[in-house]
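The values are calculated or read from the model by the stated rules, or taken from the named source; none is laboratory data. Source: prediction; values computed, not measured. Using ideal geometry, Cβ is built from the backbone for each residue, glycine included, and neighbour counts are taken over all protein chains shown. In case anyone asks, the SASA skips ligands and DNA or RNA and just uses the protein heavy atoms, side chains included. Shrake-Rupley method; radii C 1.70, N 1.55, O 1.52, S 1.80 Å.
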Amino acid sequence: MGYRKKIIHFFVLSFLLISPSSYAQQILIFGKVTDTLENPLAYANILAIPKSETENVRFASTQDNGTYKLGLSKNQSYEVTVSYLGYKTQTINITSKTQNINKNFLLSEALNKLDVITLNYTPPVIVKKDTITYDVSRFVTGEERKLRDALKKLPGVEVDRVGNVTVQGKKVTKVLVEDKMFFTGDSKLAVNNIPADAVDKIEVLDNYNDVAMLKGLEDNEDMAMNIKLKANKKKFVFGDIEAGAGIEDIYVLHPNIFFYSPKTNVNFIGDLNNQGVKSFSFRDYLEFEGGFGKLMRDASSYFSLFKSDFARYLNNQDYTANTNQFGALNIRQALNNYTDLSGYIISSKSKTQTNSNTLNKYLSTTNPFVEDRTVSDNFDNYFTIAKLTLDYRPSYNEDFTYNSFVKVTTNISNGLITTINPSDNNTINTLTNIKGLNVKQHISYSRKLSKKHTATLEATYNFQNDKPITEWLTNNQILQGLIPLEDDDIYNIIQTKKSKAHTFNAIIKDYWVLNNFNHLYTSMGLNAAFNDFYNEDLQKLSNGAINNFSTANFGNDFGYDFIDTFLGLEYKFQIGIATFKPMLYYHFYNWNTKQFDDKFSNYKALLLPQFTTKIEFSNTEILNFKYKLNASFPDAQRLANNFILNNFNSVFKGNTSLENQLYHSASLNYYKFSLFKNLNIHTGVSFNKKIKHFKNITVLNGINQFSTPVLFDEPEDNWSVNGSVAKKINKIRYKLKSNFSYSDFFQILNNSINKNISKSISATISAETFFKNYPNIEIGYTKDYSSYRALNSMSKFENNRFFINLEYDFLTDFIFKADYRFDNYKNKNSRVNTAFDTANASLFYQNENNPWGFEIQATNLFNIKFKQQNSFNSFLISDSKTFVLPRIIMFKIIYKL
């Protein structure tokens, strides 16, 4: 560890040496901007251009009361310009000395408001109520490669390591290029692939709505980022091609090609590598399913996606080997002035190897024990996703959109499970082949019927067809007493599943604007689902005979039809700075099930209230409160009442008599951002209380388990509190963020009901520099702590993380990047204490006037073998080692088109 400590000491010393320079002495220029009647002018722009080339341009905008505050370096000369749309620009020259400067500005209206006001400069930032426009050229140096590099230099903008963008503390949810959606609108593809030198301006649009006439009617908190291209890039092919090779046959080929013209846009992104980089993640998948925010309004839909086989593959980010082939093509064509046709196709093929070792502590009511389980898997995964969209917008008062979506997946795995436990030692070979087809058709129509009425119609048809086949091979019997195995030399158990679903959703809504402060919205809708679920579990004997488990009530042939019709009433009113919206939705549910000759019908009516409040102290200080009473119904597999194999050690049986879950959810969020104070604050509290909910009754015998669900009426609570504060002082931004979660839930295990309690807390403190001519470092520390109490047993886990990220642009054409992370993981009960550290580095060279670039890249510099983590459920605590890719050193060549 000695050499690693030296690296840490080097980074820390560099940080300490550089930090003092960030506190270069400053003075403040402050005051107020008003019109000739002394009315404050909110969002006026104040620009300070230094005479010295070594100083940065300083910018601020006025608050609602017209006040401003701007920090300037001492003993420097500046040209200060104040501008406001429709008013004459005012410019003064000042020299900052040793004292703060109080300066008020009085702006007079332009003689002719219709005249074009010609300015001798382009303001670097223009702030309006819902729009911020950045002139990118005023903040970049020309050394930036991708859009992400340019965005990091814009005031109020942050980009994380995977490509998520936040502006003034709020996450960007949609990305447009020249006012058109870029692929799915997710920021990751845009910021990691669009060349920085193609970008002219960045527009940030708060409370963005795809349908302009619905802005102010729909509660939409989306933030869009619209990328404006340079004039010479608006009809041009640009992009770059990256190719690289490393030791032990490591390679990468990554072309990004973009063509834009006023009517035609074509984008292609490709990726071929075996260095463990996935170009399509679970987060990207959520965007195709409607976006994270939309899914979280229906938590059951999100968790259904999260647990799907396809999502489990996408969520796996740690592997011992990975080969990835990825391609994405997006085409948009303007057919005429009001009709656009667009589409994309994304295809991926990958081969992955994973390996993990887990210590499972079973919290049995009689005899707790520990299982040592090793799992290795080889995956072959393929998917293709395609979407076609027709947008028809003949006027502001009418909008029509049609979407057609197709997803085809094939996931094949070959795994080996070794389990060592007090009751049984076994090795099981698992073979899985999962094929899936998903087709969606969606229409959306909006029309402004009159000055006071706007109507919308949305309808979606969805077809899902999944066909998983799983095979377990072992020399020893599994699930003894739960499945009817016959003696054989090799036990070959085969499961076939077929799941087919047709769903239809439609809603009609009328927005009635009574006046500027009172709105009344009415809606009616239908949600219908028709599901068929089939499974067959059997044993294939060595002599070719079949032992079908149907003789022991295994196997389902289950039909499930569900219809939900509803009426909604919403009243939205504003009092001062607060907006309130109470809502009532009346649902009438009807569902029918059929299993062989058994039929079951039921119906229920529920009144589900909702309530939201938004208090807008200013455009950058907002308090939001939301409450909702939720109802969710079981899926077909939870209702199918014959046995089914869940895993090599688990059997499940559904319950046809299940009805709906009912739970309260509430959240309170406060957000504040100040550009001139460089301050960002966000705090949030969320609460969920389950009134009636699904609960598995589990019988545990060794590692074997049998579960069946019931509707449980003991309340369960979940609390979550989070907060973050970021403050930038001169050249350093300090950040503190933390979160706390608490949940209590019941466990029904071996006829015993117990209440479990889970707590976790995490806190991170960090500092990041923003120098122009020196290395930039982010350094931080994270403390994670979690505890889990079950069956009068307390388990405690702790992790300490230290991290450093370094980026240094030097000698004009070189960029050096490095990151280091040290983790110290502790399981306090089993006295496991593991330390591991990871480091990556790259050196990039490209002359500004040369299309060729070169890069040396190294990942996992310390060649660590595994990562460690923990998890728990109602009766199991797991401590896992997940093995990772070895050290990779690669040389890359980049050609910029």
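Observations, loosely collected:
- Filter result (closer than 21 Å to ILE894 by Cβ and open to solvent by 30 Å² or more (accessible area, probe 1.4 Å)) within the stretch 820-841: ASN840
- Within the stretch 548-564, being touching a Pro at 6+ places or on another chain (Cβ under 7 Å) and surrounded by fewer than 18 Cβ atoms within 10 Å (Cβ to Cβ) holds for THR551, ALA552.
- Some residue of the stretch 70-93 being on the phi > 0 side of the Ramachandran plot, open to solvent by 70 Å² or more (accessible area, probe 1.4 Å) and either among the hydroxyl-bearing types (Ser, Thr, Tyr) or modelled with pLDDT under 85 (or both): yes
- Among the residues of the stretch 794-833, the one identified as in contact with a Phe, Trp or Tyr (Cβ under 7 Å, 6 or more places away or on another chain), aliphatic (A, V, I, L, M) and either under 18 Å from GLN846 (Cα atoms) or at pLDDT below 90 (or both) is ILE815.
- Filter pass, LYS497 being open to solvent by 50 Å² or more (accessible area, probe 1.4 Å) and of a type in the set (Lys, Arg): no
- Subset of the stretch 17-42 (residues that are open to solvent by 50 Å² or more (accessible area, probe 1.4 Å), among the hydroxyl-bearing types (Ser, Thr, Tyr) and at pLDDT below 85): SER21, TYR23
- Qualifying residue in the stretch 743-752 (condition: within 22 Å of SER667 (Cα to Cα) and of a type in the set (A, V, I, L, M)): no
- For LEU359, the test of being assigned to a strand (DSSP E or B), under 30 Å from LYS755 (Cβ atoms) and not acidic (Asp, Glu) is passed.
- Yes/no for GLU798 being in contact with a strand residue (DSSP E or B) (Cβ under 7 Å, 6 or more places away or on another chain), part of a strand (DSSP E or B) and surrounded by 17 or more Cβ atoms within 10 Å (Cβ to Cβ): no
- Of everything in the stretch 136-162 that is of a type in the set (Gly, Ala, Ser) and surrounded by 21 or more Cβ atoms within 10 Å (Cβ to Cβ), the residue that is farthest from SER342 (Cα to Cα) is GLY156.
- Meets criteria (modelled with pLDDT under 85, over 19 Å from ASN39 (Cβ atoms) and either of a type in the set (A, V, I, L, M) or touching a Lys or Arg at 6+ places or on another chain (Cβ under 8 Å) (or both)) for THR118: no
- Some residue of the stretch 413-434 being farther than 27 Å from GLN353 by Cβ, in contact with a Ser or Thr (Cβ under 9 Å, 6 or more places away or on another chain), open to solvent by less than 40 Å² (accessible area, probe 1.4 Å) and not aliphatic (A, V, I, L, M): no
- Residues being in a loop (DSSP other than H, G, I, E, B), closer than 30 Å to ALA196 by Cα and open to solvent by less than 50 Å² (accessible area, probe 1.4 Å) - total across the stretch 852-897: 1
- Scanning the stretch 839-851 for residues that are of a type in the set (Phe, Trp, Tyr) and either without any contact (Cβ under 8 Å) to a residue 12 or more places away in the chain or in a loop (DSSP other than H, G, I, E, B) (or both) yields a count of 0.
- Residue in the stretch 522-529 that is part of a strand (DSSP E or B) and touching a residue at least 60 places away in the same chain (Cβ under 8 Å) present: no
- Residue identified as open to solvent by 40 Å² or more (accessible area, probe 1.4 Å), farther than 23 Å from LEU668 by Cα and touching a helix residue (DSSP H, G or I) at 6+ places or on another chain (Cβ under 7 Å) among LYS755, LYS692, LYS731: LYS731
- With respect to (1) within 20 Å of PHE803 (Cβ to Cβ); (2) surrounded by 16 or more Cβ atoms within 10 Å (Cβ to Cβ); (3) under 27 Å from the mean Cα position of the chain (by Cα), the lone exception for PRO775 is condition (3).
- Within the stretch 219-240, tally of residues that are open to solvent by less than 60 Å² (accessible area, probe 1.4 Å) and either touching a residue at least 60 places away in the same chain (Cβ under 8 Å) or not in a strand (DSSP E or B) (or both): 8
- Residue match in the stretch 545-566 (condition: hydroxyl-bearing (Ser, Thr, Tyr), in a strand (DSSP E or B) and touching a residue at least 40 places away in the same chain (Cβ under 8 Å)): yes
- In the stretch 668-685, residue nearest to LYS728 (Cα to Cα) [restricted to those that are open to solvent by 40 Å² or more (accessible area, probe 1.4 Å) and not hydrophobic (A, V, I, L, M, F, W, C)]: ASN678
- ASP340, sole failed condition from (1) farther than 27 Å from GLU398 by Cβ; (2) acidic (Asp, Glu); (3) modelled with pLDDT of 60 or more: (1)
- For the criterion of being among the β-branched types (Val, Ile, Thr) and within 24 Å of LEU526 (Cα to Cα), VAL375 fails.
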